[in-house]
Amino acid sequence: MIKTFLSYYKPHRRLFIMDLLCALMLSVVDLVFPILSRTFIDDYIPNKNFSMMVTFSWILLGLVVIRTLCEYFMAYWGHVMGSRMEYDMRNDLFFHLQKLSHSFFDENKTGQLMSRLMGDLNEISELAHHGPEDLFISILMTAGSFFILFSINVPLTLILLGLMIILIVYTIWMRKFMMVTFRTVRRETASVNARIESALSGIRLCKAFANEAFERERFKTDNYAHMDSRKSAFKTIGYFSAGSGFFSDIMSVVIMLIGGFFVIKSEITPGELVAYILYTTYFMRPIRRLVQFMQQFQQGVAGFERFIEIMDIEPTIVDGIEAEDVKALKGSIVFNDVTFRYEPHLEPVLKNFDLTLESGKTVALVGPSGVGKSTIAQLIPRFYEVESGAVEIDGKPLQAYTLQSLRKQIGMVQQDVLIFHGTLLENILYGRPDATQDEVMQASQHAHIHSFIMGLEKGYDTFVGEKGVKLSGGQKQRIAIARVFLKNPPLLILDEATSALDNETEAAIQTAIEELTVNRTTLIIAHRLSTIQKADEIIVLGEEGIMERGNHDKLYQQNGLYAKLYNSQFKGYIPDEVTNQTEG
Ligand code: ADP
């Protein structure tokens, strides 16, 4: 893990070395300042050496300027280095997440992943640049000052050392409390965040049930716990900063008293006493830095561990060595004795399932919800791996093709169409980013959305999504269809929208879909049976697999499950057994 961490310093090693050099300069200036003050008091003032006093002040000023420049460099370029490392890690994490399979995203919530991509990496970057700086400066300062102090007077330094140890013990003792309270604050922050997330995403539900007052109470409880936890954290911080200030003041008083006594006895000079007192006040800085470092270290390491945890997850679905790029598929799909389950501990969704889709034909899947229609669709682009048996396209198992080239041959129109923030043009171009504007327009015409777009003030440059035009469910569907027209794949999977559309939209979508299916092998998951009457084959799925199959006329005449489903949708007649099966 350390090696991986260090590898992120590599591209920025020059900046890093410069940063440490600045830290070194800063410590040296801080260390020589009191010694120079000693000469000033003990030599130049008693000897009334005015010219040296002026020269000396120039030297001190020079040191102050150097120190300021170093501080600036560390604060600016140190942070820049940290954020560059953070940038690299975030890219790596994002690229890695892209490779992970559907099952990973089934288990990990977007919110959690976002906090990893942002919060965790931020903590790591803070540690990455402050850590070495703080450690370096505090060790150098403490060791350097004691070295100088011992060279002035041993007994007085020993007394100082004793006082220092008390201060350090106090600091470590306090730090423990601080860690506990900070952890509580973090936990409470997370729980407020979770509450906000669920309350905001569920705000429509909340309004629908007029449950605002109830939600407010729940929110207030969590928000109060958060505030309360911070209050106790502030209390500890108060104890800590007041307490350590008190100890360092006591140190100064003790050193002044005992040091004064030493001056009277001529063991040390007044200038040396001043140097002692200056060093005493200086000690607080390295100690504070050290404490800060320890805290940052714990947070940064925890963040980095979480980072590595994800980076170590191997994508479950990858290209095998024998996988080949496929240019153009003819499009026959065969499910050959397929057994599939989402998780090893779950029941299989498909058991010894067989299905053949001939090239260029349209097959519709119907049946109650939960029987595995979407699952079948998800297996074709190899979003999940089958447990046994094989899904084959053009006579070869999916593993024979590289994932990217396989997925380029498949068009999907899903129930929830994702429209992202951007223009309509950009949204349709997602189907094939290198398409020309003319091609986009053609695709939109085929998808029966062109005239709607042209009717908008800004046409294809209209913004959609947040702050832009809101699209209806039917319009979104047609955007998705336009994307697939643009992509023009030989295989097509349509997961039909469940939500009801008005008749006109439904007719427009129906025609668009019919045009889309021409010359493509199509699998439609149909919720509205009106859309599939023209399908070459309709497959009725039940809990036990395929219950009925055939075209509309054949199945309707059979007067089985399909006929019942069909009648229930078209004649307002809903037999009990069908309602039970189609619920959910
Ligand atoms: P349908 O499309 O026919 O409504 P699905 O294929 O969506 O059915 O689901 C089939 C079964 O698999 C259901 O029991 C469902 O709960 C389960 N399932 C679907 N997706 C997942 C998933 N990502 N992880 C675990 N189980 C799932």
Do we have any residue at all in the stretch 215-236 that's in contact with a Gly (Cβ under 9 Å, 6 or more places away or on another chain) and either at pLDDT below 90 or surrounded by 14 or more Cβ atoms within 10 Å (Cβ to Cβ) (or both)?
yes
Could you tell me whether the stretch 182-197 includes any residue that is more than 30 Å from R288 (Cα to Cα), part of a helix (DSSP H, G or I), within 26 Å of the chain's Cα centre (by Cα) and among the small types (G, A, S)?
yes
When the stretch 384-406 is examined, which residues are found to be within 27 Å of the chain's Cα centre (by Cα), buried (at least 17 other Cβ atoms within 10 Å of the Cβ) and either within 13 Å of the ligand (Cβ to nearest atom) or not hydrophobic (A, V, I, L, M, F, W, C) (or both)?
Y384
Go through (1) within 16 Å of the ligand (Cβ to nearest atom); (2) open to solvent by less than 40 Å² (accessible area, probe 1.4 Å); (3) of a type in the set (A, V, I, L, M, F, W, C) one by one and return the number of the condition V349 breaks.
(2)
Between A508, A497, which is surrounded by 18 or more Cβ atoms within 10 Å (Cβ to Cβ) and modelled with pLDDT under 75?
A497
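Yes or no, residue by residue, for (1) open to solvent by 20 Å² or more (accessible area, probe 1.4 Å); (2) more than 16 Å from the ligand (Cβ to nearest atom):
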position: R478; (1), (2): yes, yes
position: E504; (1), (2): yes, yes
position: L516; (1), (2): no, yes
position: I524; (1), (2): no, no
Look at the stretch 200-241 and say how many of its residues are β-branched (V, I, T) and more than 22 Å from Y170 (Cα to Cα).
2
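Identify the residue in the stretch 252-293 that is of a type in the set (S, T, N, Q) and not in a helix (DSSP H, G or I) and, among all such residues, is farthest from V28 (Cα to Cα).
Filtering first and then ranking leaves S266.
Which members of the stretch 428-487 meet the condition of being under 18 Å from D416 (Cβ atoms), of a type in the set (K, R) and in a helix (DSSP H, G or I)?
Across the stretch 428-487, the qualifying residues are K476, R478, R483.
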Among the candidates G259, G271, residue that is within 21 Å of T142 (Cα to Cα), touching a residue at least 60 places away in the same chain (Cβ under 8 Å), out of contact with any Ser or Thr (no Cβ under 8 Å at 6 or more places or on another chain) and not hydrophobic (A, V, I, L, M, F, W, C):
G259
Condition broken by L257, with the remaining ones in (1) open to solvent by less than 60 Å² (accessible area, probe 1.4 Å); (2) out of contact with any Leu (no Cβ under 9 Å at 6 or more places or on another chain); (3) not small (G, A, S) satisfied:
(1)
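Matching residues to (1) near the ligand (Cβ under 10 Å from one of its atoms); (2) of a type in the set (A, V, I, L, M, F, W, C):
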site: R288; (1), (2): no, no
site: A323; (1), (2): no, yes
site: P368; (1), (2): yes, no
site: P381; (1), (2): no, no
Taking the stretch 97-111, which residues are open to solvent by less than 30 Å² (accessible area, probe 1.4 Å), under 20 Å from T375 (Cα atoms) and touching a Leu at 6+ places or on another chain (Cβ under 9 Å)?
F104
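The values are calculated or read from the model by the stated rules, or taken from the named source; none is laboratory data. What you see is a predicted model, and the numbers here were worked out from it, not measured in a lab. Note: ideal-geometry Cβ built from the backbone for every residue, glycine included; neighbour counts use all protein chains shown. Only protein heavy atoms, including side chains, enter the accessible area calculation; ligands, DNA and RNA are left aside. Shrake-Rupley method; radii C 1.70, N 1.55, O 1.52, S 1.80 Å.
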